[in-house]
Amino acid sequence: MAVVLTVLVLFLAGFLASFILLVIGAINFDFSNSEIPPGVTQPAKLRIIHIILICTAVVGKILENFGICTQASFVRYVQGRKTLGADPKLFIKDLCFEKVPVRIYQPKAPSASQRRGVMFFHGGGWVFGSLETHEELCCFIARESESVVVSVGYRLAPEHKYPAAYEDCLNASQHFLQHLQHYGVDPARVTVCGDSAGGNLAAAVSQTLAGRSDLPRLRAQILIYPGLQALDYNLPSYQQNRGVPLLSRERAVYYSLQYVQGDTSNLEEVLEGSHIPPDMRLEYQKWVSPDIIPEEFKVRGYKPHKPCEFKPGVFERVKRLREPTLCPLLAEDTIIQQLPESFILTCEYDVLRDDGLLYKKRLEDNGVRVTWYHLEDGFHGIINLFDYCGLSFPSGKRGLDRIV
């Protein structure tokens, strides 16, 4: 018995030592491969949040190696633990719209007129995020704007590849637009809204609904640091902010590939641009090009990038990246011209900054009214950190107030 206990203790000690070494190694790797620019206020807070995320990912990887669960499922479990419960000012109810889970937030206070309606699509790179991770944000929007907010729990990659998330968001939105009277919502004041990957989904849904005459026309789209293209990962913002938490250049490609093909086997080729045929790159250059980015956004060390040699095999695997329902920046002008008034929020220290800038110009060039709000000290994910366990950022709250 004593021998068994000794062996068990030694095993546990070895496991603990290995775990600690892995975590320390991951943190050291993070420090050497990430950068927090001087323009970010309260950098220590951002570093702490980033380390928490890295440690969660490391534990998930260890559990995956032991065959206990996948890394993604563990990270989702940890992220989904924070729930608010009841809100004294809101009715909160879980339902399904066309088999898609949704959570509805309705103000309790009586209203003299029909309310605004907001379809909200959470961020998380199409891989993470849930109704729980964005509950506090949705509650805030519902309370402060006195709107009925519908948060959509769409299917996640890599288990459910593109176009699963888009189809869920579209189906849920169509259902809501067909049943607005059940929720006291004004058909003339319905908005789609989303952050990051959710901003991508909001833009795609808005484009699809733009030509529908059988449904109420959307009043607006609110795109919070959206990812809108997968052609060029060497635009100025991708170069300048390549290692800035909470979304690195490599992770942006990682999430896109998980969504479109269910794995990341072509990550390096996509990073370097060898996944796009020269003729296609030329065709879309009028919409996706560093030449369109205003010069003031190139002063932080941008260097023009020449794409690597085109690889047809890679293109065949990822060719759906050119579809507008995955890359809304590539939609035709006839679609863009029908879009509703738009609000776009961008952050200076975000790899997705230029996606937002390029879409802003496309919308304006096609006569769509755009309100643009840029957080000079902002980074990717800052809006959802507006009240995060003592690690909140005033800039995120400013951005959220403008959204409301």
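The values are calculated or read from the model by the stated rules, or taken from the named source; none is laboratory data. What you see is a predicted model, and the numbers here were worked out from it, not measured in a lab. As a convention, Cβ positions derive from the backbone with ideal geometry for all residues, glycine included, and neighbour counts pool all protein chains shown. Only protein heavy atoms, including side chains, enter the accessible area calculation; ligands, DNA and RNA are left aside. Shrake-Rupley method; radii C 1.70, N 1.55, O 1.52, S 1.80 Å.
Hey, can you rank 171-183, 370-382 by average C-beta count inside 10 Å, highest first?
The packing order, highest mean first, is 370-382, 171-183.
Could I have the simple spin-label model distance between Y388 and K286, label points 7 Å from Cα toward Cβ, reported in nm to one decimal?
4.0 nm
Charges on Cβ only, +1 for Lys and Arg, -1 for Asp and Glu, centred on the Cα centroid of the chain; of V40, Y302, G153, which one is farthest towards the dipole's positive end?
Result: G153, furthest along the dipole toward the positive end.
Sequence gap at least 6, Cα distance under 8 Å: using those rules, report the relative contact order of the stretch 236-332 to the nearest whole percent.
After rounding, I find 33 percent.
Quick one: which residues, 5+ away or cross-chain, put their amide H under 5 Å from the amide H of L375? H built at 1.01 Å from N.
For L375, whose amide H was placed from the backbone, the distant partners under 5 Å are T346, C347, E348.
With r defined as the distance between the Cβ atoms of S265 and Q338 and R0 fixed at 41 Å, what FRET efficiency is calculated, to the nearest 0.05?
In this case the efficiency is close to 0.65.
I'd like the Karplus ³J(HN,Hα) series for the stretch 88-94: coefficients 6.51, -1.76, 1.60, θ = phi - 60°, whole numbers in Hz, and an x wherever there's a Gly or Pro.
Karplus-based 3J(HN,Hα) across the stretch 88-94 equals x, 9, 9, 8, 10, 9, 8 Hz.
Roll a 1.4 Å probe over the protein chains and send me the accessible area per residue for the chain in Å².
Roughly 44 Å² per residue, with all protein chains present.
Place a +1 charge on the Cβ of each Lys and Arg in the chain and a -1 charge on the Cβ of each Asp and Glu, then give the dipole magnitude about the Cα centre in debye, rounded to the nearest 20.
Using Cβ point charges on Lys, Arg, Asp and Glu, the chain gives about 640 debye.
With the chain treated as a Gaussian network of Cα nodes joined by springs under 10 Å, which of R242, R81, R353 yields the largest mean-square fluctuation?
R81
Using percent of Cα pairs over 33 Å apart as the read-out, say which of (i) 51; (ii) 55; (iii) 32 was calculated from these coordinates.
It is the one labelled (iii).
Which one of L345, Y105, H134 is farthest out on the positive end of the charge dipole of the chain, using unit charges on Cβ (Lys, Arg +1; Asp, Glu -1) and the Cα centre as origin?
The residue sitting most towards the positive pole is Y105.
What 222 nm value per residue comes from the helices of the chain, counting each DSSP H run with n ≥ 4 as -39,500 (n - 2.57) and dividing by all residues, nearest 500 deg cm²/dmol?
Theoretical 222 nm ellipticity from helices: -13000 deg cm²/dmol.
Can you tell which of C389, Q261, L358 lies farthest toward the positive end of the dipole of the chain, using +1 and -1 charges on the Cβ of basic and acidic side chains (Lys, Arg; Asp, Glu)?
C389
With a point put 7 Å past each Cα toward its Cβ, work out how far K303 is from Y183 in nm, to one decimal.
Reported label-point gap for K303 and Y183 is 4.9 nm.
With +1 on each Lys and Arg Cβ and -1 on each Asp and Glu Cβ, how big is the dipole of the stretch 63-110 about its Cα centre, in debye rounded to the nearest 20?
I would put it at about 220 debye.
Using only alpha carbon pairs under 8 Å that are at least six residues apart, calculate the relative contact order of the chain and give it in whole percent.
Across the chain, relative contact order equals 15 percent.
May I ask what percent, to the nearest 5, of DSSP beta bridges between residues of the chain are antiparallel?
Percentage antiparallel, nearest 5: 30.
I'd like to verify something in the chain: which complete DSSP H helices, judged by Cα projection on the helix axis, reach 30 Å or more and average at least 1.6 on the Kyte-Doolittle scale?
2-33
Would you mind putting 224-231, 266-273, 340-347 in packing order, based on average other-beta-carbon counts within 10 Å, highest first?
Highest-to-lowest ranking by the protection proxy: 224-231, 340-347, 266-273.
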